[in-house]
1. In the range 54-91, how many residues are closer than 20 Å to residue 27 by Cβ and surrounded by 11 or more Cβ atoms within 10 Å (Cβ to Cβ)?
2. Looking at (1) without any contact (Cβ under 8 Å) to a residue 40 or more places away in the chain; (2) surrounded by fewer than 19 Cβ atoms within 10 Å (Cβ to Cβ), which is the one condition that is false for residue 27?
3. Of these, 75, 46, which one is touching a Lys or Arg at 6+ places or on another chain (Cβ under 7 Å) and either within 16 Å of residue 10 (Cβ to Cβ) or among the aliphatic types (A, V, I, L, M) (or both)?
4. Could you list, in sequence order, all residues of the range 30-53 that are surrounded by 14 or more Cβ atoms within 10 Å (Cβ to Cβ), within 14 Å of residue 89 (Cβ to Cβ) and either touching a Cys at 6+ places or on another chain (Cβ under 8 Å) or of a type outside the set (A, V, I, L, M) (or both)?
5. Output the residue which, of all residues in the range 51-83 that are among the polar types (S, T, N, Q) and under 15 Å from residue 17 (Cα atoms), is nearest to the chain's Cα centre (by Cα).
6. Only one of (1) buried (at least 17 other Cβ atoms within 10 Å of the Cβ); (2) without any contact (Cβ under 8 Å) to a residue 24 or more places away in the chain is not met by residue 5, so which one is it?
Amino acid sequence: MTYWVYILASKPGGTLYIGVTNNLVRRVYEHREGLADGFTKKYGIKTLVYFEPHDAIATALQREKNIKHWSREWKIDLIIASNPDWRDLYEDIVR
């Protein structure tokens, strides 16, 4: 099974959310449709701007925790390194 660490944004340079899941398409869909109560729904965070795969849940959870403790600047640098235009990557994962 693959586990995914992902970052959602409210807009380019906006509010960020970091999460982990074993079903990236389903989880991002839930955020986009407002089905996931909490932080993302409250702040309108729906755009998938970054994701990375992991083979083990422990590795994914540790990576999520590490990224959450990074400075905002480092998080933005991570996004920009692979997605400089802050493009919504959702269509890429549903293909």
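Every number here is computed from the coordinates shown, using simple stated rules; none is lab data. Everything numeric in this text was worked out from a predicted model, so none of it was measured. Here the Cβ positions follow ideal geometry from the backbone for every residue, glycine too, while neighbour counts run over all protein chains shown.
1. Here is the first cut: in the range 54-91, the ones closer than 20 Å to residue 27 by Cβ are 54-68, 75, 78-79, 82-83, 86-91.
Filter again for surrounded by 11 or more Cβ atoms within 10 Å (Cβ to Cβ), leaving 54, 56-57, 59-68, 75, 78-79, 82-83, 86-90.
Residues in the range 54-91 being closer than 20 Å to residue 27 by Cβ and surrounded by 11 or more Cβ atoms within 10 Å (Cβ to Cβ): 23 in total.
2. Of the numbered conditions (1) without any contact (Cβ under 8 Å) to a residue 40 or more places away in the chain; (2) surrounded by fewer than 19 Cβ atoms within 10 Å (Cβ to Cβ), the odd one out for residue 27 is (2).
3. Details: 75 fails: touching a Lys or Arg at 6+ places or on another chain (Cβ under 7 Å).
One residue alone meets the criteria, 46.
4. Matches in the range 30-53: 31, 32, 46, 47, 50, 51, 52.
5. Top of the filtered list is 66.
6. Failing condition for residue 5: (2).
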